[in-house]
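The values are calculated or read from the model by the stated rules, or taken from the named source; none is laboratory data. Being a predicted model, the structure only gives us computed values, none of them experimental. Every residue, glycine as well, gets a Cβ built from its backbone with ideal geometry; the counts of neighbours run over all protein chains shown. When the accessible area is computed, the model is the full protein with side chains, heavy atoms only, and any ligands, DNA or RNA have been set aside. Shrake-Rupley method; radii C 1.70, N 1.55, O 1.52, S 1.80 Å.
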Amino acid sequence: MPNISYESFAWWSNYHMTVTRPDVADIGATDFANGDLPPGIVELARIHLADIDGLGPLERLGHIAPVLQGYLAHIAERIANPVFVPGVPHQPGVPFAAGMVGTAWSFAPLIGAPMSQLMCGGLSFVGLLPTSHRNSASPYPADRLVIAGGGTRGRELVDWAEPKGLSLPTSGSFLGPTVAGAAATATHGSRLGFGGTQDMIVGIHLVAGPDKHWWIERDGAPVLSDAGIAALADGGTPPEVRRDTALFEAALVHLGAMGIVAGVAIELAQLARYQRFRIDQPLKEDVLDTIARGDFEALARDLGRTERPVFYELTIDPHAPYGPHALHTLYLEPTPAHQAEQGSAERAPIAGEAVVKMASSLFAHGPSEAASQIAAQDAVAASDPVEDLIRALLDNHPSAFDFYRDTGSFGAAGKIWPPQSWGQLHDSDALTGGVPGSLYNASFAIDRSQLRTAIEAICAAVAPLPGTFVFTVRFVSHASGTLAFTRFPETAVIEIDGLSPFICNKAAAHPDASGHPLPPPAVAGLRQLATVLPAGARAVRAALDGASVAFSMHWGKLGDLDSAKVHADYGPVSDPASPLMRWRKARETLLDDFGRSIFWNPAVKQYGVVE
Ligand SMILES: Cc1cc2nc3c(=O)[nH]c(=O)nc-3n(C[C@H](O)[C@H](O)[C@H](O)COP(=O)(O)OP(=O)(O)OC[C@H]3O[C@@H](n4cnc5c(N)ncnc54)[C@H](O)[C@@H]3O)c2cc1C
């Protein structure tokens with residue numbers, strides 16, 4: 001029988017330290033001098049599965065369900081018998097959120113419930129769905145239909161799948177997020193003609209209350225046979241089964257507010273190998289129009305390639321979109337004609353690594369060096385310390401874009417890599433460079449056809465800001481999920497990626513590596529840099545509004561998404577047919593009063609997704 005362990009009053013933060021427990025206000029208000037300490041998350045729960053290793057994948061879920069149901073009964077008991085401790089919000093009448101955490105890569109407070117948080121990484125396993133458990137009418141090929149625990153990361157999936165001739169059809173830039181956590185926010189990459197990570201999910205096993213678990217699949221696209229459903233009852237509690245497309249689509253992008261995703265059925269792709277191709281080639285207006293039309297083969301030809309692209313990502317210089325440089329990354333289908341051109345399999349850094357480079361330099365001698373350069377200059381230059389600071393952080397490059405261009409294996413002639421699997425193309429699972437909380441990231445989904453208008457508007461809007469960020473554009477087609485933020489049939493997602501306020505302020509507040517306090521010009525520069533990314537995200541939002549480009553924002557990232565915007569994009573709440581109200585209706589079906597009282601998080605309240 002799986003079991004759950006509890007870590008008490010655990011101090012916790014998400015991957016990029018944008019959410020901490022205790023939260024910053026509570027830490028600041030604590031009387032440390034007189035021995036007080038704020039408690040962290042009251043119960044951090046972890047599930048352990050070692051003893052069900054030998055079971056088939058559905059039987060495992062069958063044994064996991066009653067354990068998670070027991071966990072929810074334990075929470076009900078906690079709520080019924082609150083213990084008063086100052087600083088612990090565990091009192092009658094105070095709303096109690098039972099949160100779930102995947103890899104904690106969300107920047108937004110979709111994670112970080114103060115009372116109770118289930119760390120779902122333990123729900124990690126994957127196995128082929130046995131033939132007897134597969135519905136004979138299933139449209140999903142038997143040799144590619146797998147069951148994975150909700151806490152299984154992309155990396156485990158590719159490591160399991162690729163030796164068996166299977167592959168992930170898409171992923172975000174990294175394979176770190178979990179299958180349930182990624183789907184929760186409609187995490188996407190840039191696989192052409194494909195949706196987001198949620199689009200590979202074809203069945204959902206959801207634990208919704210002390211006496212309720214569900215198996216949900218689309219109407220007309222069955223996954224499990226009766227024997228499969230029976231296997232889900234292996235632990236003694238039969239699931240309720242729904243073959244209901246509306247319910248399924250709502251639960252796909254669940255925002256951590258629909259119950260615990262114990263497991264999912266996934267349709268994997270056949271293993272394929274693609275050649276990464278990178279080139280630095282200026283972006284002309286007509287090229288942007290080609291991209292906006294979705295003619296990626298014409299784009300590839302324009303970039304000098306005749307193979308079919310299956311992935312395309314564009315990184316632009318926010319200060320010169322039509323300037324001399326634009327960075328194109330494609331994955332190409334190898335052809336016999338290009339066989340001789342194998343290339344070398346060196347690492348291909350992503351844009352975020354320029355940000356991490358800046359962050360790492362912050363704690364070496366970057367700011368001090370910048371300060372000495374500034375001091376050696378005249379008073380006018382000293383009044384604007386930021387450019388020198390950026391150069392000091394980026395090996396004398398004037399901007400993050402320029403650093404990425406120089407270090408990312410681009411080049412005017414282009415560079416080709418040998419054919420690689422999805423797992424090889426996504427060769428790293430983390431991006432900290434050993435520095436905490438260095439990234440700020442906000443993403444804006446638009447109708448792809450409006451790409452040119454959008455890029456021109458946002459670049460004009462960020463022109464006054466220093467170059468600590470880049471814009472990257474990726475593409476998503478017909479994404480599933482009632483609340484997928486990639487809501488346009490053909491979506492382009494524009495991402496602003498740069499140095500976080502937290503890390504700039506941290507560097508400003510501390511001595512550098514040599515132990516000397518930073519000189520005032522460096523501190524002033526860092527404080528100024530700290531304001532750039534939030535200002536950039538605000539400018540992008542205002543520019544898109546100003547140019548009448550409809551957009552939605554990534555649920556899991558930053559940029560001050562609020563309920564007015566959410567209701568405008570997915571509402572109105574007065575219309576039962578609106579996406580938001582259809583999602584809420586599904587939540588009412590899946591969760592009873594108790595479930596609705598515990599399955600929420602600060603973000604879904606702030607977004608006005610749940611009341
Ligand atoms: C370095 C970095 C790179 C990124 N790259 C991309 C990218 O390329 N594309 C993109 O779109 N986004 C990207 N993101 C954002 C990230 O992919 C999303 O925020 C994603 O949702 C994180 O997945 P996770 O497993 O960490 O889930 P978490 O952030 O831990 O959780 C997300 C939500 O899912 C819920 N949840 C998690 N597990 C379960 C479960 N088993 N049952 C029920 N609810 C659950 C949580 O409660 C929460 O509401 C990136 C983030 C970082 C930090």
Checklist outcome for this item: Taking the stretch 252-275 and keeping residues of a type in the set (Gly, Ala, Ser), closer than 21 Å to Gly62 by Cβ and more than 10 Å from the ligand (Cβ to nearest atom) leaves Ala265
Item to check | Looking only at the stretch 82-116, and only at residues there that are in a loop (DSSP other than H, G, I, E, B) and β-branched (Val, Ile, Thr), the one that is nearest to His254 (Cα to Cα) | outcome: Ile111
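Within the stretch 22-35, identify whether any single residue is touching a strand residue (DSSP E or B) at 6+ places or on another chain (Cβ under 7 Å) and either at negative phi or more than 14 Å from the ligand (Cβ to nearest atom) (or both), and answer yes or no. Explain how you work it out, then say what you get.
Residues of the stretch 22-35 touching a strand residue (DSSP E or B) at 6+ places or on another chain (Cβ under 7 Å): none.
Within the stretch 22-35, none of the residues are touching a strand residue (DSSP E or B) at 6+ places or on another chain (Cβ under 7 Å) and either at negative phi or more than 14 Å from the ligand (Cβ to nearest atom) (or both).
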Checklist entry - How many residues are open to solvent by less than 20 Å² (accessible area, probe 1.4 Å) and within 28 Å of Arg391 (Cα to Cα) if we restrict to the stretch 406-430? => result 1
Next on the checklist: Suppose the filter is within 16 Å of the ligand (Cβ to nearest atom) and open to solvent by less than 70 Å² (accessible area, probe 1.4 Å); does Ser5 pass it?
Outcome noted: no
Checklist outcome for this item: The one condition Val610 fails out of (1) part of a helix (DSSP H, G or I); (2) within 16 Å of the ligand (Cβ to nearest atom); (3) touching a helix residue (DSSP H, G or I) at 6+ places or on another chain (Cβ under 6 Å) is (1)
Checklist outcome for this item: The residue from Arg541, Arg527, Arg584, Arg596 that alone is away from the ligand (no atom under 14 Å from the Cβ), modelled with pLDDT of 95 or more, in a helix (DSSP H, G or I) and open to solvent by 60 Å² or more (accessible area, probe 1.4 Å) is Arg596
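Could you tell me whether the stretch 447-460 includes any residue that is assigned to a strand (DSSP E or B) and either at pLDDT 95 or above or over 30 Å from Gly203 (Cβ atoms) (or both)?
If we filter the stretch 447-460 for residues that are assigned to a strand (DSSP E or B), which is where we start, we get 447.
Remaining after also requiring either at pLDDT 95 or above or over 30 Å from Gly203 (Cβ atoms) (or both): 447.
Yes; the residues of the stretch 447-460 include at least one that is assigned to a strand (DSSP E or B) and either at pLDDT 95 or above or over 30 Å from Gly203 (Cβ atoms) (or both).
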Checklist outcome for this item: Those residues of the stretch 446-456 which are of a type outside the set (D, E, K, R), over 14 Å from Phe475 (Cα atoms) and surrounded by fewer than 21 Cβ atoms within 10 Å (Cβ to Cβ) amount to Thr453
Checklist entry - Residues of the stretch 303-321 being under 21 Å from Thr407 (Cα atoms) and of a type in the set (Ser, Thr, Tyr), which ones? => result Tyr312, Thr315
Next on the checklist: Anything in the stretch 67-111 that is at pLDDT 80 or above and aromatic (Phe, Trp, Tyr)? List them, or say none.
Outcome noted: Tyr71, Phe96, Trp105, Phe107
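Can you tell me which residue within the stretch 554-578, out of those that are of a type in the set (Gly, Ala, Ser), under 19 Å from Thr486 (Cβ atoms) and in contact with a helix residue (DSSP H, G or I) (Cβ under 9 Å, 6 or more places away or on another chain), is surrounded by the most Cβ atoms within 10 Å (Cβ to Cβ)?
Narrowing the stretch 554-578 to residues of a type in the set (Gly, Ala, Ser): 556, 559, 563-564, 568, 571, 574, 577-578.
From the residues that got through so far, the ones that are under 19 Å from Thr486 (Cβ atoms) too are 556, 559, 568, 571, 578.
Then keep just the ones that are in contact with a helix residue (DSSP H, G or I) (Cβ under 9 Å, 6 or more places away or on another chain); that gives 556, 559, 571, 578.
Values: Gly556: 26, Gly559: 23, Gly571: 16, Ser578: 17.
Looking at the filtered set, the residue picked out is Gly556.
Go through the stretch 363-423 and tell me which helices (runs of 4 or more DSSP H), entirely inside it, have 3 or more residues that are modelled with pLDDT of 80 or more and within 16 Å of Leu526 (Cα to Cα).
Numbers: elements: 366-376, 379-382, 386-393, 400-407.
Counting at least 3 such residues, we get 386-393.
Give the residue that is modelled with the lowest pLDDT, with candidates limited to residues of the stretch 330-341 that are in a loop (DSSP other than H, G, I, E, B) and open to solvent by less than 80 Å² (accessible area, probe 1.4 Å). Don't jump to the end; show me each part of the working.
Of the residues in the stretch 330-341, the ones in a loop (DSSP other than H, G, I, E, B) are 333-335, 339-341.
Those left that are additionally open to solvent by less than 80 Å² (accessible area, probe 1.4 Å): 333-335, 341.
Values: Glu333: 96, Pro334: 91, Thr335: 87, Glu341: 69.
It comes out as Glu341.
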Checklist entry - Any residue at all in the stretch 124-140 that is under 20 Å from Ala180 (Cα atoms), surrounded by 21 or more Cβ atoms within 10 Å (Cβ to Cβ), of a type outside the set (S, T, N, Q) and within 10 Å of the ligand (Cβ to nearest atom)? => result no
Item to check | Pick from the stretch 476-517, criterion open to solvent by 20 Å² or more (accessible area, probe 1.4 Å) and among the aliphatic types (A, V, I, L, M), ranking: nearest to the chain's Cα centre (by Cα) | outcome: Ala479
Item to check | Lone qualifier among Ser116, Ser167 - being at pLDDT 95 or above, of a type outside the set (D, E, K, R), touching a strand residue (DSSP E or B) at 6+ places or on another chain (Cβ under 9 Å) and open to solvent by less than 20 Å² (accessible area, probe 1.4 Å) | outcome: Ser167
Checklist entry - Can you name the number of the only condition in (1) in contact with an Asp or Glu (Cβ under 8 Å, 6 or more places away or on another chain); (2) open to solvent by less than 20 Å² (accessible area, probe 1.4 Å); (3) among the small types (Gly, Ala, Ser) that Ala97 fails? => result (1)
Checklist entry - Just to be sure, is Ser548 assigned to a strand (DSSP E or B) and either within 14 Å of the ligand (Cβ to nearest atom) or not basic (Lys, Arg) (or both)? => result no
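Which residues, counting only those in the stretch 1-42, are of a type in the set (A, V, I, L, M) and touching a residue at least 24 places away in the same chain (Cβ under 8 Å)? Break it down into steps so the answer makes sense when it comes.
If we filter the stretch 1-42 for residues that are of a type in the set (A, V, I, L, M), which is where we start, we get 1, 4, 10, 17, 19, 24-25, 27, 29, 33, 37, 41-42.
Within the stretch 1-42, Met1, Ile4, Ala10, Met17, Val19, Ile41, Val42 meet the criteria.
Of the residues that sit in the stretch 159-181 and are near the ligand (Cβ under 6 Å from one of its atoms) and not in a strand (DSSP E or B), which one is nearest to Val202 (Cα to Cα)?
Here is the first cut: in the stretch 159-181, the ones near the ligand (Cβ under 6 Å from one of its atoms) are 172-174, 177-178, 180-181.
From what's left, not in a strand (DSSP E or B): 172-174, 177, 180-181.
Values: Gly172: 19, Ser173: 22, Phe174: 22, Pro177: 18, Ala180: 12, Gly181: 16 Å.
Result: Ala180.
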Item to check | Yes/no for Gly70 being within 22 Å of Ala148 (Cα to Cα), touching a strand residue (DSSP E or B) at 6+ places or on another chain (Cβ under 8 Å), away from the ligand (no atom under 14 Å from the Cβ) and open to solvent by 20 Å² or more (accessible area, probe 1.4 Å) | outcome: yes
Next on the checklist: When you scan the stretch 255-262, do you find a residue that is more than 30 Å from Ala142 (Cβ to Cβ), touching a residue at least 60 places away in the same chain (Cβ under 8 Å), outside the structural domain of Ser477 (by TED's automatic domain parsing) and out of contact with any strand residue (DSSP E or B) (no Cβ under 6 Å at 6 or more places or on another chain), even just one?
Outcome noted: yes
Checklist outcome for this item: The helices (runs of 4 or more DSSP H) lying entirely within the stretch 188-307 that contain at least 2 residues which are touching a Ser or Thr at 6+ places or on another chain (Cβ under 6 Å) and buried (at least 21 other Cβ atoms within 10 Å of the Cβ) are 245-252
